[in-house]
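Trainee: Sharing a structure below in structure tokens format, with a few things to ask.
The values are calculated or read from the model by the stated rules, or taken from the named source; none is laboratory data. Note that the structure is predicted; figures quoted are calculated from it, not measured. Don't worry about glycine lacking a Cβ; one is built from the backbone with ideal geometry, like all the others, and counts go over all protein chains shown. What goes into the accessible areas is simple: the full protein's heavy atoms, side chains included, and nothing from ligands, DNA or RNA. Shrake-Rupley method; radii C 1.70, N 1.55, O 1.52, S 1.80 Å.
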Amino acid sequence: WAHCVGNILSRAPDVGVLAVEARGHGSVVKMEDGSTDNDMSVTTLAVDLAHMINLTGKKLQWESIPKLLLVGHSLGGAVVTTFAKDPPLEHRTKILGYAVIDVVEGSAMEALRHMKHYLATRPPAFKSLSEAVEWHIKSHTLRNADSATISVPALLTQSPSSPDSYAWRTSLSETEQFWTNWFGGMSSKFLT
């Protein structure tokens, strides 16, 4: 997204861009009682998106929520589709449009059948960030070296016990119970 945002801002410098980090995809946010909320359902992720927009507005002292153009890739596409279908009241008149990239219900549901195999063939850890970037390029998970150099480090976390080891930040296998929820019914939601 860093390259995409750079291109958008070069053409429309007055546009604001908010890149939302979905739960389970980076920083760990603790609940008031110190626990983590592992609900990764698409509805919960859409509510999180609404909260992030509102919190950004509060932090930046917006008088009101600006017009929104929502763009999501893969799971993010399912999230913006869910959000756009039934947005919170304060966002209803603000959505100009939305776009989903690289995801349609049929192919996403088909790809989920192969997800366990993909996860089994993915290295559990890397000796360095550059090794992780190289793996993403060689495996065609990412095809642009500049993009991989920017985005791959955020996917990993350095092991506190072994400084020469970088493991996946998100355990995708632990989200398996939500996979069908993310993409099931997406075509109908999108058209609605």
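Trainee: Out of everything in the stretch 181-192 that is in contact with a helix residue (DSSP H, G or I) (Cβ under 7 Å, 6 or more places away or on another chain) and in a helix (DSSP H, G or I), what residue ends up being nearest to D86 (Cα to Cα)?
Mentor: K189
Trainee: Could you check, for the stretch 102-113, whether at least one of its residues is in contact with a His (Cβ under 6 Å, 6 or more places away or on another chain) and open to solvent by less than 80 Å² (accessible area, probe 1.4 Å)? Walk me through it before giving the result.
Mentor: So the first thing to find is which residues in the stretch 102-113 are in contact with a His (Cβ under 6 Å, 6 or more places away or on another chain), and the list is 102.
Now drop any that are not open to solvent by less than 80 Å² (accessible area, probe 1.4 Å), which leaves none.
For the stretch 102-113, residues in contact with a His (Cβ under 6 Å, 6 or more places away or on another chain) and open to solvent by less than 80 Å² (accessible area, probe 1.4 Å): absent.
Trainee: While we're looking at this one, here's another question. In this structure, is S159 exposed (fewer than 15 other Cβ atoms within 10 Å of the Cβ) and under 22 Å from W1 (Cβ atoms)?
Mentor: Details: exposed (fewer than 15 other Cβ atoms within 10 Å of the Cβ): yes; under 22 Å from W1 (Cβ atoms): no.
When the stated conditions are applied, S159 does not pass them.
Trainee: Further question: Of these, K116, K94, which one is farther than 24 Å from A19 by Cα and either at pLDDT below 95 or of a type outside the set (S, T, Y) (or both)? Outline the logic, then answer.
Mentor: Numbers: K94 fails: farther than 24 Å from A19 by Cα.
That would be K116, the only listed residue that is farther than 24 Å from A19 by Cα and either at pLDDT below 95 or of a type outside the set (S, T, Y) (or both).
Trainee: Same structure again: What helices (runs of 4 or more DSSP H) lie completely within the stretch 43-155 and have 3 or more residues being free of Cβ contacts under 8 Å to residues at least 24 places away in the same chain?
Mentor: Details: elements: 75-85, 105-112, 115-121, 129-138, 145-155.
Counting at least 3 such residues, we get 105-112, 115-121, 129-138, 145-155.
Trainee: Looking only at the stretch 9-42, filter to residues that are assigned to a helix (DSSP H, G or I) and open to solvent by less than 70 Å² (accessible area, probe 1.4 Å); which one of those is modelled with the lowest pLDDT? Step through it out loud before you land on a result.
Mentor: As a first pass, look at the stretch 9-42 and keep what is assigned to a helix (DSSP H, G or I): 9-11, 42.
In the following step, the residues that additionally are open to solvent by less than 70 Å² (accessible area, probe 1.4 Å) were identified as 9, 42.
Working: L9: 92, V42: 95.
Once the filter is applied, the top-ranked residue is L9.
Trainee: When the residues of the stretch 65-77 are filtered to those that are touching a strand residue (DSSP E or B) at 6+ places or on another chain (Cβ under 7 Å) and small (G, A, S), which remaining residue is nearest to T43 (Cα to Cα)? Before you say what the answer is, go through the steps one by one.
Mentor: Pass one, the stretch 65-77, residues touching a strand residue (DSSP E or B) at 6+ places or on another chain (Cβ under 7 Å): 67-73, 77.
Still in the list and also small (G, A, S): 72, 77.
Numbers: G72: 15, G77: 13 Å.
Applying the filter and picking the extreme gives G77.
Trainee: Here's another thing I want to ask about it. Restricting to the stretch 145-156, what's the tally of residues that are open to solvent by 70 Å² or more (accessible area, probe 1.4 Å), over 18 Å from H25 (Cβ atoms) and not hydroxyl-bearing (S, T, Y)? Don't jump to the end; show me each part of the working.
Mentor: Just the residues of the stretch 145-156 that are open to solvent by 70 Å² or more (accessible area, probe 1.4 Å), to begin with: 146, 149-150, 155.
Imposing the further condition that a residue be over 18 Å from H25 (Cβ atoms) reduces the set to 146, 149.
Those left that are additionally not hydroxyl-bearing (S, T, Y): 146.
Here the count works out to 1.
Trainee: Which condition from (1) open to solvent by 70 Å² or more (accessible area, probe 1.4 Å); (2) at pLDDT below 90 is the one that K138 breaks?
Mentor: (2)
Trainee: Please go through (1) touching a Leu at 6+ places or on another chain (Cβ under 7 Å); (2) at pLDDT below 90 for E110 and return the number of the only condition it doesn't satisfy.
Mentor: If we test E110 against (1) touching a Leu at 6+ places or on another chain (Cβ under 7 Å); (2) at pLDDT below 90, just (1) comes out false.
Trainee: Here is a follow-up. Being buried (at least 16 other Cβ atoms within 10 Å of the Cβ) and among the aliphatic types (A, V, I, L, M) is the filter; apply it to the stretch 70-91 and report the residue that is nearest to W1 (Cα to Cα).
Mentor: V71
Trainee: Determine which single condition K94 fails, assuming it passes every other condition in (1) over 29 Å from T43 (Cα atoms); (2) surrounded by 11 or more Cβ atoms within 10 Å (Cβ to Cβ).
Mentor: (1)
Trainee: Find all pairs meeting these conditions: Cβ atoms under 8 angstrom apart; at least six residues apart or on different chains; first residue within the stretch 173-192 and of a type in the set (V, I, T); second residue open to solvent by 80 Å² or more (accessible area, probe 1.4 Å).
Mentor: Short answer, once both residue conditions are applied: T192/K85.
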